[in-house]
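I have placed the structure first, in the form of structure tokens, so that the comments after it can refer back to it.
The values are calculated or read from the model by the stated rules, or taken from the named source; none is laboratory data. All of these numbers come straight from a predicted model, not from anything done at the bench. In this analysis, Cβ positions are derived from the backbone assuming ideal geometry, glycine residues included, and neighbour counts consider all displayed protein chains.
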Amino acid sequence: MKVVLLAGGFGTRISEESQYKPKPMVEIGGMPILWHIMKEYSYYGHNEFIICAGYKQEYIKQWFANYFLYNSDVSFDFREKKNEMTVHQSNLEPWKVTIVDTGYNTMTGGRIKRIQKYVGDETFLMTYGDGVCDVDINQLIAFHKSHGKIATLTAVKLKQEKGVLNIGGDNAVKAFREKSSNDGLPINAGYMVFQPEIFDFLDGDSCVLEQVVLTKLACDGQLMSYVHEGFWQCMDNIREKSLLEKLLAEGNAPWKRWEYTVPKIPDFAK
């Protein structure tokens with residue numbers, strides 16, 4: 001199943017980093033948070049990714065273009081005016097990554113609409129490129145298949161100013177409202193599953209997935225929630241980036257289920 005990742009926003013609330021690179025490419029533990037999210041999906045066997053890029057999209061393309069080289073042991077032979085490269089060992093992911101420039105100012109729904117031809121007529125996964133989670137992706141998919149609706153989102157109960165959900169006893173989303181007050185209700189954590197019919201609700205670059213499409217689906221009874229009781233954390237600012245860095249450094253990162261040595265960066269201020 002293909003995984004669509006939204007990675008085109010400006011990330012203004014973490015401008016200390018995003019002025020140089022797209023927010024999903026801000027590193028935690030020495031690797032972009034986007035890489036961490038992709039590793040989550042790959043852990044459950046989902047290895048085909050479509051990245052909806054926009055702001056500084058060339059940075060993402062360059063990073064993946066060099067990923068093979070950075071993760072291989074290589075010899076460069078310039079003797080006798082040669083220019084040869086020999087790859088001795090490579091430690092790569094089994095990924096297929098399609099990076100699409102979905103526009104500089106395109107809204108979330110518009111970005112998804114632009115990658116329709118890469119998804120095709122099939123069910124697909126989608127999430128944002130700035131939050132990590134330990135949700136069981138395959139259980140999420142099984143839940144989505146069980147109810148037969150167009151869309152499923154992952155709901156977590158955190159006091160955050162995100163998309164607030166009113167969920168009924170059958171897990172159907174009765175209402176969706178964006179950027180409400182901190183009232184402790186379940187919020188939209190991303191990690192969604194969509195039927196291809198979702199594209200019928202997306203209209204132009206100005207289409208906002210959260211404020212328009214999810215609201216419409218909720219009103220039509222076509223939006224369901226998979227309630228996740230575990231870990232989820234977005235990275236909207238430097239404080240949240242530091243929190244994720246701390247969890248990784250201490251070996252307490254719930255989303256990390258793969259082998260990866262977190263580099264220890266010396267404190268040069270001492």
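Observations, loosely collected:
- Within the range 225-241, the set of residues being in a loop (DSSP other than H, G, I, E, B) and surrounded by fewer than 23 Cβ atoms within 10 Å (Cβ to Cβ) comprises His228, Glu229, Gly230, Phe231, Asp236, Asn237.
- Number of the exception - Asp101 against (1) free of Cβ contacts under 8 Å to residues at least 12 places away in the same chain; (2) among the acidic types (Asp, Glu); (3) surrounded by 11 or more Cβ atoms within 10 Å (Cβ to Cβ): (1)
- Test: Phe68 is loosely packed, with under 15 Cβ neighbours inside 10 Å, aromatic (Phe, Trp, Tyr) and in a helix (DSSP H, G or I): yes
- Being under 22 Å from Gly251 (Cα atoms) and either modelled with pLDDT under 90 or in contact with a Phe, Trp or Tyr (Cβ under 9 Å, 6 or more places away or on another chain) (or both) is a property that holds for Gly29.
- Here Gln139 does not qualify as out of contact with any helix residue (DSSP H, G or I) (no Cβ under 7 Å at 6 or more places or on another chain), of a type outside the set (Val, Ile, Thr) and buried (at least 17 other Cβ atoms within 10 Å of the Cβ).
- The range 215-224, subset surrounded by 20 or more Cβ atoms within 10 Å (Cβ to Cβ) and in contact with a helix residue (DSSP H, G or I) (Cβ under 9 Å, 6 or more places away or on another chain), residue farthest from Arg114 (Cα to Cα): Met224
- Scanning the range 187-216 for residues that are among the aliphatic types (A, V, I, L, M), farther than 14 Å from Thr108 by Cβ and at pLDDT 95 or above turns up just one, Val193.
- Residue pairs meeting the criteria (Cβ under 6 Å; at least 6 apart or on separate chains; first under 14 Å from Ile150 (Cβ atoms), in the range 112-127; second among the polar types (S, T, N, Q) and buried (at least 22 other Cβ atoms within 10 Å of the Cβ)): none
- Positions within the range 81-130 being assigned to a strand (DSSP E or B), at pLDDT 95 or above and under 22 Å from Tyr67 (Cβ atoms), in sequence order: Lys96, Val97, Thr98, Ile99, Val100, Asp101, Leu125, Thr127, Tyr128
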